1. Tell me the residue from B:532, B:507, B:556 that is touching a strand residue (DSSP E or B) at 6+ places or on another chain (Cβ under 9 Å) and away from chain A (no Cβ under 14 Å), please.
2. When you go through B:548, B:495 one by one, which is the residue that is surrounded by fewer than 17 Cβ atoms within 10 Å (Cβ to Cβ), assigned to a helix (DSSP H, G or I) and touching a residue at least 24 places away in the same chain (Cβ under 8 Å)?
3. Just one of (1) touching a strand residue (DSSP E or B) at 6+ places or on another chain (Cβ under 8 Å); (2) within 7 Å of another protein chain (Cβ to nearest Cβ); (3) within 30 Å of residue B:204 (Cβ to Cβ); (4) surrounded by fewer than 24 Cβ atoms within 10 Å (Cβ to Cβ) trips up residue A:117, so point out which.
4. Please enumerate the residues belonging to region A:86-103 that are more than 8 Å from chain B (Cβ to nearest Cβ) and in contact (Cβ under 8 Å) with a residue 24 or more places away in the chain.
5. Kindly check whether there is at least one residue in region A:143-156 that is in contact with a strand residue (DSSP E or B) (Cβ under 7 Å, 6 or more places away or on another chain) and either more than 12 Å from every other protein chain (Cβ to nearest Cβ) or under 24 Å from residue B:307 (Cα atoms) (or both).
6. Quick check on my filter: what residues within region B:101-123 are over 23 Å from residue B:175 (Cα atoms) and without any contact (Cβ under 8 Å) to a residue 60 or more places away in the chain?
7. Of all residues being surrounded by fewer than 20 Cβ atoms within 10 Å (Cβ to Cβ) and touching a helix residue (DSSP H, G or I) at 6+ places or on another chain (Cβ under 6 Å) in region B:51-65, which is nearest to residue B:135 (Cα to Cα)? Just the residue, please.
8. Any residue in region A:104-111 that is touching a strand residue (DSSP E or B) at 6+ places or on another chain (Cβ under 8 Å) and at the interface with chain B (Cβ under 7 Å from one of its Cβ atoms)?
């Protein structure tokens, strides 16, 4: 027993050094060569950091493409999904409200055109992406609000579709909105 | 759509292709053969010398378990105190507070037992110091403990008659230096170069395009994420685990992380075949596990891609599947695959919220944790499967009227009693505690506790019951995922799940090792034409039947009250 305890104490100290000191600092060191220097990639507009490429942002103004509903309102100091079950009546009412609100802000769009991702909360609350359909369905509103042709906006969306070999195609909402601001 | 399905099929095939050579490598490492990582020999010799370990010292099953339990107890005390006092320790750029004693009790146990149930959120519940010195450290050594114990079992199977299961310390150290650490470095760098933070910059403040002020949590996450995936730990850096865009930035990292969940558990099945030189036995075991795994995956992929019928009724286009709690960059199919992979292996990391899965998928992931032996946690998955084998041997023996034997050793009353007790224990813990919690919710919702039972659940009705059932199933399986809507950071849940965690970890480790110790000590009976062959397809089906029957008998009523009832209310 005493022998086991002695070994345990010494081995624990050695393993702490290896697993909690050497290992993470090795990874941190090498990652300095990674994009963003290992601290996350930021996006800069006119010399000012406007966000992290991979962290979604809250867009509420009609002139911007909206991202997905978020259980934490895109507060990136935390993260959470809604954790609502599929049969929860309160939850289904929230989704219904989101649909109604979307239709009010997007005249000319029918219910059946709204992809479910625009009215359901993401897993992280920080989802930076939309599907191409999720962006296209907002084109009418953007064009009307900004008084530009739908064609221009639609082309811009198409240019921002990141096609994947496998897995879903995505549009990064922040990048798309930055490009939108730079149109004029 | 099809693109998503081919994605998950390729992913699984690739995992198996990688796991096979890894299994061979693991067998070589522990049988002392030459391997690619021979250059690490001096490092291990140094560790042994400093710690006073003689790696060649034989241990019988009792000595083996004593060594394992001693160091585990030390880690528990160590983790507990660091978590309580983390606010007074260095490396806390975000100024996070110390954990309350009941939370620290739960967290320390949870990481010690390789479960990683997290009743806190990583961004605010830990400091960088405890993320590394408690969480990352325990993620390595708890996974190493699982592998070491399994190698002890392998030794019992390998020899005809022996009371030597090998040296626990030797296996523990080599599991880390030869398997977990090298693989973690590779995975961590793949993540870091795809955008996962690895540096020590704390929270960043930015002003968004629309003009809101936002803080962004970061930190040295990549290394911890690698070991949480590889060691079937599952406890994430950020609150939402691998659904977080920094913890799992794109479809490629999602593939890497999914493979990392399954890689070592599958490799260990192959390692069994190489180590004891019974490749056919390993193939049969792999076949049974994969059969159930593929069925579970197919069900979940189907239901998640099909979407939630209640959302369909609202009239929107659910072409991408059920997206509540999911991320656009992974899609429904890859999230469904992950949900099964993580519950099969007692990993418990998630890339989408399980609480929002459609009812049948939610039921499948709970069921998967109840079986807890489809590949299973590193090391312990095969130990759980071993118990099923012993019971299958016993029942087969009864059916043909012959004394049950396994690998040349008579399986007698004592071994069967131990195996049966362990099997019953899980059902007792899960259902007993779920019943207790449900009783509190139903009959004492307003009792003056820190969080009233009436406020525990995030969803009403059947789904609320599933939240409680999931939590105890996850704790017992040492899985660590949750229906996270459950309000679980309060003394009732911290303490009860803590108890389930300890019993659910150590009894299923002690029992198979005890059985193995007892069996290996017995006289070896050479194989004859009358011997029940445990490496045949027939016996594989027998084991499968045992798994299905035991699980169905134990858990079907509980599943009927939760996920099944919700299904029938929705469809």
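The values are calculated or read from the model by the stated rules, or taken from the named source; none is laboratory data. Owing to the predicted nature of the structure, the values given are computational and were not obtained by experimental measurement. Glycine gets a Cβ as well: all are built from the backbone with ideal geometry, and neighbour counts include every protein chain shown.
1. On the way: B:507 fails: touching a strand residue (DSSP E or B) at 6+ places or on another chain (Cβ under 9 Å); B:556 fails: touching a strand residue (DSSP E or B) at 6+ places or on another chain (Cβ under 9 Å).
So the residue among B:532, B:507, B:556 that is touching a strand residue (DSSP E or B) at 6+ places or on another chain (Cβ under 9 Å) and away from chain A (no Cβ under 14 Å) is B:532.
2. Only one candidate passes the filter, namely B:495.
3. The number of the failed condition is (4).
4. A:98
5. No; the residues of region A:143-156 include none that is in contact with a strand residue (DSSP E or B) (Cβ under 7 Å, 6 or more places away or on another chain) and either more than 12 Å from every other protein chain (Cβ to nearest Cβ) or under 24 Å from residue B:307 (Cα atoms) (or both).
6. The answer is B:101, B:104, B:107.
7. Top of the filtered list is B:51.
8. no
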